[in-house]
1. Could you list all residues from segment 102-118 that are in contact (Cβ under 8 Å) with a residue 40 or more places away in the chain and surrounded by fewer than 20 Cβ atoms within 10 Å (Cβ to Cβ)?
2. What are the residues in segment 191-205 that are assigned to a helix (DSSP H, G or I) and either among the small types (G, A, S) or within 13 Å of the ligand (Cβ to nearest atom) (or both), if any?
3. Just to check your reading of the model, which residue among A24, A40 is closer than 19 Å to I202 by Cα and small (G, A, S)?
4. Exactly one condition in (1) on the phi < 0 side of the Ramachandran plot; (2) touching a strand residue (DSSP E or B) at 6+ places or on another chain (Cβ under 7 Å) is false for G89; which is it?
5. Applying the selection to segment 21-45, what residues are of a type in the set (A, V, I, L, M) and free of Cβ contacts under 8 Å to residues at least 60 places away in the same chain?
6. Restricting segment 119-139 to residues that are closer than 17 Å to E98 by Cα and in contact with a helix residue (DSSP H, G or I) (Cβ under 8 Å, 6 or more places away or on another chain), which is surrounded by the fewest Cβ atoms within 10 Å (Cβ to Cβ)?
7. Would you mind finding the one in L53, L37 that is among the aliphatic types (A, V, I, L, M) and under 28 Å from L132 (Cβ atoms)?
8. Being more than 16 Å from the ligand (Cβ to nearest atom) and under 17 Å from the mean Cα position of the chain (by Cα) is the filter; apply it to segment 58-87 and report the residue that is surrounded by the fewest Cβ atoms within 10 Å (Cβ to Cβ).
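None of the figures in this text is laboratory data; all of them are computed from the coordinates on show. All values derive from a computational prediction rather than experimental measurement. For neighbour counting, all protein chains shown are included, and Cβ atoms are generated from backbone atoms with ideal geometry for every residue, glycine included.
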Amino acid sequence: MGININIFHEIKKELDATKTTLVAVSKIQSEESILKLYDAGQRDFGENYVQELLTKYEHLPKDINWHYIGHLQSNKVKYIVPFVSLIQGVDSEKLLTEINKQSLKNDRITDCLLQVHIAEEETKFGFDKNELEHFFSNENNLKNVRIRGLMGMASFTDDKTKVKSEFLQLKNSFDEYFNGNISVEPKPILSMGMSGDYKMAIEEGSNMVRIGSLLFGARIS
Ligand SMILES: *Cc1c(COP(=O)(O)O)cnc(C)c1O
């Protein structure tokens, strides 16, 4: 097992054809593996753990765009805000408020995606439909964050109909809140799709996929 550059090029070609951004999910993967993809041209990498991200950020090339894709605790926001490219998976207004506060301190505007709870599992984090509605219908004073779009994870199941309907649900919310004007720059982001379901996610309108095991081989922790 391990990294497979041919698969990377195949996936890249497929994604480029639909203008879909690839985030290579490198959690638990070695810096050496990341560098192999980097040398093949990949710049967007996704990490789930703050300490691991900090170490990799320190060691690896500075033109990597780091995406934080895991559940982020408020007390750790301050460590990643100085350099993170996109915080995906912002799952509460409280967290967003903290990201705003730390961004102000760092004199920057941090790009974020709101995570939407689409899967059936109770344990998955994110805004539900009502919370989204509440968020977007109220003025907020968060000037140091920029909500670029939405992110979601479908249920972990072989039931394709179910996954498809969850993606569709997320796409509908995305259209409602972000896609009114498709000429808006920078382009709104809909981050959905992983190794097992990214093809379906793209069919349902995703423009950013987060792929880990398909690129790096199974994670051994
Ligand atoms: C780990 C992870 C991925 C990648 O999963 P794979 O199945 O390995 O492609 C994508 N998104 C999130 C939020 C993850 O935690």
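1. Just the residues of segment 102-118 that are in contact (Cβ under 8 Å) with a residue 40 or more places away in the chain, to begin with: 103-104, 113, 116, 118.
L104, the sole residue that qualifies.
2. Of all residues in segment 191-205, those assigned to a helix (DSSP H, G or I) come to 198-203.
Answer for segment 191-205, where residues must be assigned to a helix (DSSP H, G or I) and either among the small types (G, A, S) or within 13 Å of the ligand (Cβ to nearest atom) (or both): Y198, K199, A201.
3. Values: A40 fails: closer than 19 Å to I202 by Cα.
It is A24.
4. Condition (1) is where G89 drops out.
5. Pass one, segment 21-45, residues of a type in the set (A, V, I, L, M): 22-25, 28, 34-35, 37, 40.
Answer for segment 21-45, where residues must be of a type in the set (A, V, I, L, M) and free of Cβ contacts under 8 Å to residues at least 60 places away in the same chain: I34, L35, A40.
6. F135
7. Numbers: L37 fails: under 28 Å from L132 (Cβ atoms).
The match here is L53.
8. The qualifying residue surrounded by the fewest Cβ atoms within 10 Å (Cβ to Cβ) is F83.
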